[in-house]
Each structure stands twice: as structure tokens, then as C-alpha cells.
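What follows is one structure encoded as C-alpha cells, with my remarks underneath.
The values are calculated or read from the model by the stated rules, or taken from the named source; none is laboratory data. This structure is a prediction, so every number in the text was calculated from the model and none was measured. A quick note on method: Cβ atoms are made from the backbone with ideal geometry, for glycine too, and the neighbour counts reach across all protein chains shown.
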Amino acid sequence: MIYCFLARFFLLSLSILKYTILKNILFIVFVLVGYTGIGQVGLNEYKYIIIPKTLGEFKEENQYLTSTLLKYQFVKKGFTAVYDDALPEDLYMNRCLGLTALLKDKPSMFSTKTTIVLENCKGQQVFRSREGTNKIKEYEEAYKDGITVAMSSFDGLNYSYKQKVVENKPITLRFKNDIKSLGGDNKEQKETADLTGIGVGNRSEVVKQKSSLENQSYKSMEPVASDMKQATPNPDIKTKTSAGTGKEMLNAKAIPNGYQLIDSELKVIMKLLNSSTENVFIGQAEGKSGMVFQKNGIWIFEYYSGANLTQEELNIKF
């Protein structure tokens, strides 16, 4: 009887051991396959990681410090991470330069399960991390642990942004039956490229970025193009250029009742409030209030400085 019991116990133990070994083997295979997929997603094609201020199903901004933690982790892994309400100029104009980080959360009574998904500008999933699972009761600590575990999926990627090279094909001009080609040895094109080209490998020279749990900031140092035109002076109106705007490009960000004008340092320079007339706004800057309107293709801020009617030229990009 005792020998029979021991035999059954031995067989049961052996079955459990085999199951555990098989489970571990399957887990290793899953991880290897996952990392193989990671190497194929082509993250190097994307310059930025966009971090939403409100993640997942959360109703509050940066709830449980999830946005802060996610941005900190991405910068730690070598990415350029920016918040969705503080986009640099090139990303503001072309959202396809970045991937949006999403937090897939599966909370339950006994555990927190966190997965990080990266989507491109078309809403297509480009990357999905492993699931970070824990049984920590405190939500802030639970998400901190879950995000850290999920971000381990990016280890070993050696991410480095590589700008897509667009091939300049020869231009063919047709005059009746004659066909002439302008080759790539165009001096003017080369000079323009030398003046405007920015080396991709020197990203540290055009970007200043800090990311820690206490201090997070991003500042683009890339030159900003300006298409401001010189207005024809009016002898009855004093025209000046304020230090707050100058010839710098001001990006217009929509707000419920108009726009905010933001400079390259992401500071709000002026508010444009809607009026009943198209292309005419009520302008509110620091210590100044007046009208903002378009004249001969140029945006003008007109206000009174004491008894003098003053105009400032604004370079606005909507």
C-alpha cells in the first residue's frame, strides 16, 4: 500500500516537473520570437515618441504619474520623447515623424497588468511590449513597476534615428521633340543643401532634452524658417517689432475660443480670441490688447501704446 502511494506521488511529481519545464521552454521561445519581431519593426525610422498627458482609460492628466514615468523611461532608452501638448516644430507639421505611446491597462482585484503599444500617424500598431504584471496594492507603485517591466522590451534595440533619404531624380524638360535632363550636379541645389542640411548623427547639437522623475524638458535647437514680408510703412502709424515676437515663427494652437501663439521655446506669447469678422482676432499679449488682422498677406497686431497707435508684424503659422 505504501509503495503504491509513493509510486503515485512520484508520477505526479514527475508530471508537475515536466509541465514546469515545458512552460519555461515555451516562455523562452515566446520571448525570443518577440525580440525577433522587435528587430523588424524599424523604430529607427521615427524621430520622436509622443507621450499623451492622459493615458489609457485614466480620466485625470498624468494620473499615478504614468505620463511622467513613461517619458522618463523612453528618454532613458535613448528616444526623444515629447508630450502631446508640446510638440517641436517639425513634428507639429508632420505627425508621421513620431510614434504615439499608448498604455494598455488590465487592472483586476489582485493584480495590475500593463502593456505599452506604439502607433504611427495612421493609427497602425508598430510595436507592442511585453506585459508588466504585479500584485502591488498602491497604484502609483504598481504602475511604476509595470511600466518598468514593459519597457524592458526595448533593451538591446540600440535605437538611433535615421532620416529617410529622398533620392533626387533628374528633372526632364520637354520642348516639342527635344528632351533635356538636368542632372544631380546642380550647383544651386548643392549650395541650398549645404545651407539647410542638418546632420542626423549630430542630434545632440539640435536638441536639448532632460528627463528625470523630478525634471523633464525638451527644447529643439533646429533653425526655424521664416517667411515674414516687410510691410510698407505708414507715416500715420508707428510700426515696431517687439522682442517677444521678432521675426520668429509663432505656431497657432487652437483653444476653445481662438488660438494661442507659441514660440520655439514653447512659451505662450499671445492669445487670439475669435471675433465676428473672418481673419480678425482680439489680440491679448502681456500688458497689451488690440486687434490682429491680415493685411497684404501679413499679420498685424494693432494696439494703442499710450496715445500712439502702434502696429507689430507677426509671423504666424496656423
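M270 falls short on exactly one of the conditions (1) over 28 Å from the mean Cα position of the chain (by Cα); (2) within 26 Å of P88 (Cβ to Cβ), and that condition is (1).
For region 290-318, the candidate set comprises residues that are farther than 28 Å from Y92 by Cα and out of contact with any strand residue (DSSP E or B) (no Cβ under 6 Å at 6 or more places or on another chain); within that set, the residue that is surrounded by the most Cβ atoms within 10 Å (Cβ to Cβ) is L309.
Have a look at T232, T239, T245, T277 and point out the one that is touching a Pro at 6+ places or on another chain (Cβ under 7 Å) and either modelled with pLDDT under 85 or assigned by TED's automatic domain parsing to the domain that holds E313 (or both). Even if it seems obvious, please write down each step before you answer.
Working: T232 fails: touching a Pro at 6+ places or on another chain (Cβ under 7 Å); T245 fails: touching a Pro at 6+ places or on another chain (Cβ under 7 Å); T277 fails: touching a Pro at 6+ places or on another chain (Cβ under 7 Å).
One residue alone meets the criteria, T239.
The number of residues in region 54-81 that are modelled with pLDDT of 90 or more, under 22 Å from K122 (Cβ atoms) and touching a helix residue (DSSP H, G or I) at 6+ places or on another chain (Cβ under 7 Å) comes to 2. If the condition is being closer than 15 Å to K317 by Cα and not in a strand (DSSP E or B), then region 268-298 contributes N279, G297. Across region 45-65, which residue is nearest to I262 (Cα to Cα) among those that are charged (D, E, K, R) and either part of a helix (DSSP H, G or I) or in contact (Cβ under 8 Å) with a residue 60 or more places away in the chain (or both)? So the residue we want is K47.
On the basis of being surrounded by fewer than 21 Cβ atoms within 10 Å (Cβ to Cβ), within 8 Å of the chain's Cα centre (by Cα), in the same structural domain as T133 (by TED's automatic domain parsing) and not in a loop (DSSP other than H, G, I, E, B), does T68 make the cut? Here the answer is no, as T68 does not meet what is asked.
Has region 80-92 got at least one residue that is closer than 24 Å to D155 by Cα, of a type in the set (G, A, S) and either outside the structural domain of T54 (by TED's automatic domain parsing) or assigned to a loop (DSSP other than H, G, I, E, B) (or both)?
Of all residues in region 80-92, those closer than 24 Å to D155 by Cα come to 80-83.
Going one step further and asking which of them are of a type in the set (G, A, S), we end up with 81.
So of that shortlist, the ones also either outside the structural domain of T54 (by TED's automatic domain parsing) or assigned to a loop (DSSP other than H, G, I, E, B) (or both) come out as none.
Checked region 80-92: no residue is closer than 24 Å to D155 by Cα, of a type in the set (G, A, S) and either outside the structural domain of T54 (by TED's automatic domain parsing) or assigned to a loop (DSSP other than H, G, I, E, B) (or both).
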